[in-house]
Amino acid sequence: MARRVVVTGLGTVNPLGKDVASFWQAACAGESGIGEITQFDASGMKARIAGEIAGFDPEEYIERREARRLDRYDQLFWASTHQALTDAGISYEEDDPAAMRAGVVVGSGIGGMISFQNGIDTMRERGPDRVSPLTITQIISNMAAGLVSIRYNLFGPNTCTVTACAASANAIGDAAEIIKRDAADVMVAGGAEAPVCEFAVAGFSQSRALSLNNDDPQGASRPFDADRDGFVMGEGAATLILEEREHALARGANIYGEIVGYGMSSDGYHVTLPRPGGGGAARAMQHALDDAGLASSDVDYINAHGTSTAANDVTETAAIKTVFGDGAYSVPVSSTKSMTGHLLGGAGALESLVCILAIRDGIVPPTINYTTPDPECDLDYVPNEARSVGVSTAMTNSFGFGGHNVSLVFAAHH
Amino acid sequence: MDRAEVEAKMTELLVDELGLDRDKITMSATFEEDLEVDSLGVVELLMALEDNFGVAIPDEEAEAIGTVGQAVDVVMEKLGG
């Protein structure tokens, strides 16, 4: 019998909250986590706003001595993973045979970019002999997975996905497939990004991707609105504990929902721009539905990629119409990036978490800052206020630079 | 800088820059066993000594440093004390 994969633990630290409960409360209240950048002096930047996690203290999760050796993206993933494992009631001693069947997949767009920047600064200013011996371990984008496997005794598959803004959607999909093919029973799956540094802000600004609405930080991320002008960068992490269904039932775990579909496609078009018409995105969504054995009419909520860039929101809207037909106009579609900003490699995991909570609570969080309709974006974007609506099945989309398209489908567990 | 000053400064940098537990730092404490400083931490330690004391410690001399006290010895020697 085919192995099924359920979600039994959740964790997150993001600009709206430092745990799942506070995040979800803020998201359903339609709050914005965006503000002026505080982590460095951004006065010389074109874009001077971001979603930062106010008051994140890594030492709540990590011994001081260890914490200081890590990049912020590692710290964020460690924190969300600690929460998720605690929520799932899972912990392994080093000699526990079950630990051999537990693994981790983490997605990050870039990895330790702050450390990368600082390391290069040090090398240029003080010479190669002053570069920290920790530089490489802080930079590499797999290390968040490595670290949690060390800390939490996860001795099964240990890997990472690096597909830009689709990275942690791939992480969750890949982790589910690892369980389905019986290579593990439990997988820590998620993503993290800590991109609030000069180099990343400058680079994304120059690629014309960021909102320059510096005068109105909380109004800057406005997916699907006619006045949108780019995405707002956000930092954060989210972790889902995926578990083989029988394994979860046998230990009496709380089951939030099931991951039922995973679809991927490539735009094969341009390094940053989506293929006009959204054909690539549509194929990812259709593949996910096919994988789930569901029709588009079965989907009760779409958590959109919805970055607030001119190009994404139009093409994603077109893609939804391609897949959903007339049903596109009745399915609620929202972009929580309107509130959190764009967590880049962490986005897919956080938005999967949103889908799971929407299923749990029957609440669809809104797209905030939606004031002026764009004729090319004419779906129901759940404007500005959360909506109570039964959600049995939810889809989330993640699209990354490079043309990586990923869709995931989650369903209530039966 | 006299030995007491070097010892005090050494303790501070081990706490502040390497994140070591102040209570475990004694002059006879070994970096590897007692303070659990790994191979990457040893490189950090040497860089911290060089930066904080304004000395240069070649690798062959660094290999002789096993305890906190021996690190103080090397620094004292470099400082001409």
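The values are calculated or read from the model by the stated rules, or taken from the named source; none is laboratory data. Worth saying up front: this structure is predicted, and the values here are computed from it rather than measured. Cβ atoms come from the backbone with ideal geometry, glycine included; neighbour counts cover every protein chain shown. For accessibility, only protein heavy atoms count, side chains too; no ligands or nucleic acids. Shrake-Rupley method; radii C 1.70, N 1.55, O 1.52, S 1.80 Å.
Worth pointing out:
- Residue within segment A:50-60 that is closer than 25 Å to A:R151 by Cβ, at pLDDT 95 or above and within 14 Å of another protein chain (Cβ to nearest Cβ) present: yes
- Residue satisfying all of: in segment B:1-12; within 14 Å of B:V74 (Cβ to Cβ) and in a helix (DSSP H, G or I); nearest to the chain's Cα centre (by Cα) among these: B:M10
- In segment B:32-45, residue farthest from B:E5 (Cα to Cα) [restricted to those that are open to solvent by less than 30 Å² (accessible area, probe 1.4 Å) and at the interface with chain A (Cβ under 9 Å from one of its Cβ atoms)]: B:G41
- The set of residues from segment B:49-81 being within 20 Å of B:S28 (Cβ to Cβ) and of a type in the set (A, V, I, L, M) comprises B:L49, B:A62, B:A64, B:I65, B:V68, B:A71, B:V72, B:V74, B:V75, B:M76.
- From A:L10, A:L16, residue being in contact with a Ser or Thr (Cβ under 6 Å, 6 or more places away or on another chain) and modelled with pLDDT of 95 or more: A:L16
- Considering residues of segment A:373-405 that are crowded, with 16+ Cβ neighbours inside 10 Å and β-branched (V, I, T) only, the residue farthest from A:G263 (Cα to Cα): A:V382
- Listed by first and then second residue, the pairs with beta-carbon distance under 9 Å, at least 6 apart or on different chains, first residue in segment A:130-144 and more than 14 Å from every other protein chain (Cβ to nearest Cβ) and touching a residue at least 24 places away in the same chain (Cβ under 8 Å), second part of a loop (DSSP other than H, G, I, E, B) and β-branched (V, I, T), are A:S141/A:I110; A:S141/A:V162; A:N142/A:V162.
- Test: residue in segment A:17-40 that is away from every other protein chain (no Cβ under 14 Å), assigned to a strand (DSSP E or B) and out of contact with any strand residue (DSSP E or B) (no Cβ under 7 Å at 6 or more places or on another chain): yes
- Residues being open to solvent by 20 Å² or more (accessible area, probe 1.4 Å) and either at pLDDT below 95 or touching a strand residue (DSSP E or B) at 6+ places or on another chain (Cβ under 6 Å) (or both) - total across segment A:215-235: 3
- Going through (1) part of a loop (DSSP other than H, G, I, E, B); (2) farther than 15 Å from A:S132 by Cβ one by one, B:A71 falls short only on (1).
- A:K180 meets all of the listed conditions (1) open to solvent by 60 Å² or more (accessible area, probe 1.4 Å); (2) touching a residue at least 60 places away in the same chain (Cβ under 8 Å); (3) within 14 Å of another protein chain (Cβ to nearest Cβ); (4) not small (G, A, S) but one, namely (3).
- Cβ separations smaller than 6 Å between residues 6+ apart or across chains give the following pairs from segment A:232-256 residues that are farther than 30 Å from A:S211 by Cβ to residues that are open to solvent by 10 Å² or more (accessible area, probe 1.4 Å) and among the β-branched types (V, I, T): A:A248/A:I255.
Here's the yes/no breakdown for (1) in the same structural domain as A:P366 (by TED's automatic domain parsing); (2) part of a helix (DSSP H, G or I):
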residue: A:A175; (1), (2): no, yes
residue: A:V188; (1), (2): no, no
residue: A:P195; (1), (2): no, no
residue: A:A200; (1), (2): no, yes
residue: A:T239; (1), (2): no, no
residue: A:V271; (1), (2): yes, no
residue: A:A282; (1), (2): yes, yes
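- Check on A:I90, open to solvent by 30 Å² or more (accessible area, probe 1.4 Å) and more than 14 Å from every other protein chain (Cβ to nearest Cβ): no
- Residue in segment A:59-81 that is in the same structural domain as A:P217 (by TED's automatic domain parsing), open to solvent by 60 Å² or more (accessible area, probe 1.4 Å) and not charged (D, E, K, R) present: no
- Within segment A:61-74, the set of residues being away from chain B (no Cβ under 14 Å), assigned to a helix (DSSP H, G or I) and without any contact (Cβ under 8 Å) to a residue 24 or more places away in the chain is empty.
- Of all residues making up segment A:114-129, the number that are open to solvent by 30 Å² or more (accessible area, probe 1.4 Å) and more than 11 Å from chain B (Cβ to nearest Cβ): 9
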